[in-house]
Amino acid sequence: MPEIVANSVLPARREPITLRTNDGLILVGELAVPIDSEPTATIVCCHPLPTAGGFMDSHVLRKMAWRLPALANIAVLRFNTRGTSSPRGTSEGAFDEGNAEGLDLAAALRFVRDQGLPIPWVLGWSFGTDVILKHAINGQTDQGLRGAILLSPPLRFSEMSDLDRWASSDLPLTALVPENDDYLQPAEATVRFSRIPQAEVVGVPGAGHLWVGEKSVRVVLNEIVARVAPEFSPLPLEWDGPMERWSDL
């Protein structure tokens with residue numbers, strides 16, 4: 001069977017979506033769902049720092065949408081936070097250092113609820129982890145939320161009160177922390193997340209903040225699926241079916 005490689009795109013129903021925030025902004029995004037079955041879980045993705053090039057197409061998030069609907073029966077929702085641009089388009093508004101972006105996350109989770117998508121998890125990468133820590137359980141966005149996965153959390157915009165709010169919940173939280181992260185490495189992450197009794201810090205040997213390389217991407221996707229849809233873990237390395245190749249990698 002053909003190997004799944006960095007630019008492999010597996011079958012899914014992918015559709016552009018728009019989200020409306022409670023402060024009246026229109027955000028652009030995409031929903032990818034399994035092509036021939038109903039999803040068994042949903043992941044809402046919060047992208048890295050837009051002022052440093054992060055957007056809904058940041059490579060790990062895009063590869064989630066390319067692979068997880070087919071390999072793990074997971075729906076993947078990606079969107080541009082306010083003021084962020086990608087080939088999908090530009091979301092209205094302006095970057096707000098993780099503050100008003102909470103309204104963006106709330107709009108995404110409201111879309112999941114209104115569409116009847118099952119078992120919502122939130123996943124953030126870098127800046128997106130701060131958005132989740134600050135806002136995912138603030139009373140506006142936590143309806144039905146099942147847990148959170150954090151990739152390369154820098155804990156830059158989050159405060160101790162945000163961690164304490166997670167500590168008071170019973171929601172699982174997993175932080176995937178690269179060994180060679182530029183901002184927060186596993187040993188320090190273990191100390192800082194110790195405020196949250198249910199938090200799990202997973203150090204990833206050899207990885208960096210940007211998760212460059214197919215080896216790192218596979219680790220991330222397997223760790224995600226092991227928590228969100230464990231019946232599909234570990235993910236296969238090959239695919240016996242239609243498979244396209246994206247051309248811009």
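Some points to look at:
- Binning the C-alpha pair distances of segment 1-124 at 10 Å intervals from 0 yields a P(r) profile of 14, 47, 30, 8, 1 %, listed from the shortest bin outward.
- Using only Cα coordinates, the Kirkwood hydrodynamic radius of segment 178-249 works out to 14.4 Å.
- Antiparallel %, DSSP beta bridges [both residues in the chain], to 5: 40 percent
- The chain - percent relative contact order, Cα under 8 Å, separation 6 or more: 20 percent
- Computed [θ] at 222 nm, deg cm²/dmol, the chain (DSSP H ≥ 4; -39,500 (n - 2.57); rounded to nearest 500): -8000 deg cm²/dmol
- Summed side-chain charge close to residue 154 - residues other than residue 154 whose Cβ falls under 9 Å, Lys, Arg +1, Asp, Glu -1: -2
- Taking max minus min of the alpha-carbon positions on each principal axis, segment 119-216 gives extents of 37, 26, 21 Å, largest first.
- Pair-distance distribution P(r) for segment 8-245, from all Cα-Cα distances in 10 Å bins starting at 0: 8, 36, 39, 16, 1 percent.
- Kyte-Doolittle mean at least 0.0 and Cα axial length at least 24 Å: DSSP H helices in the chain: none
Only the coordinates and a few stated rules stand behind these numbers; no lab work does. Note that the structure is predicted; figures quoted are calculated from it, not measured. As a convention, Cβ positions derive from the backbone with ideal geometry for all residues, glycine included, and neighbour counts pool all protein chains shown.
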